[in-house]
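Let me begin by presenting the structure, written as structure tokens, before commenting on it.
The values are calculated or read from the model by the stated rules, or taken from the named source; none is laboratory data. Please read all numbers here as calculations on a predicted model, not as lab measurements. All Cβ positions, even for glycine, are placed from backbone atoms using ideal geometry, and neighbour counts span all protein chains on display. The accessibility values were calculated without ligands, DNA or RNA, using every heavy atom of the protein model including side chains. Shrake-Rupley method; radii C 1.70, N 1.55, O 1.52, S 1.80 Å.
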Amino acid sequence: MEIHLNPELQARVDRAARENDTDPAEYVQQLIEHYVDHDVWFREQVKKGLDQLDCGEFLTHDQMGPRIELMFRS
């Protein structure tokens, strides 16, 4: 697979790769891996939340205030 970047983005990638002491191709590979991993995780979390909603497992707006207060006290 080949990826073509516009000159401005290529310069930004090159600069970031230098700052991370890595080759630009390796840097892009790491970015893509991280993005794909995050995307998979995010989609799983959304599905889990939707499944909970379908089962009636959720908090109402009125229940959220006390829950948030409790979280910040701990």
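Only one entry of V36, V40, V28 meets the criterion of being in a helix (DSSP H, G or I) and in contact (Cβ under 8 Å) with a residue 24 or more places away in the chain, and that entry is V28. Specify which of the listed residues (Q29, Q10) is at pLDDT 95 or above, open to solvent by 100 Å² or more (accessible area, probe 1.4 Å) and among the polar types (S, T, N, Q). Result: Q29 is the single residue among Q29, Q10 that is at pLDDT 95 or above, open to solvent by 100 Å² or more (accessible area, probe 1.4 Å) and among the polar types (S, T, N, Q).
So for segment 57-68 (the condition being among the polar types (S, T, N, Q) and in a loop (DSSP other than H, G, I, E, B)), does at least one residue qualify?
Yes: one or more hits.
Quick one: would you say D39 is surrounded by 10 or more Cβ atoms within 10 Å (Cβ to Cβ) and in contact with a Pro (Cβ under 6 Å, 6 or more places away or on another chain)? Considered against the rule, which asks whether it is surrounded by 10 or more Cβ atoms within 10 Å (Cβ to Cβ) and in contact with a Pro (Cβ under 6 Å, 6 or more places away or on another chain), D39 comes out as no.
In segment 47-59, the condition of being surrounded by fewer than 10 Cβ atoms within 10 Å (Cβ to Cβ), under 30 Å from E2 (Cβ atoms) and either free of Cβ contacts under 8 Å to residues at least 24 places away in the same chain or not polar (S, T, N, Q) (or both) is met by no residue.
E2 fulfils the conditions (1) of a type in the set (D, E, K, R); (2) modelled with pLDDT under 95; (3) surrounded by 11 or more Cβ atoms within 10 Å (Cβ to Cβ) except for a single criterion, (3).
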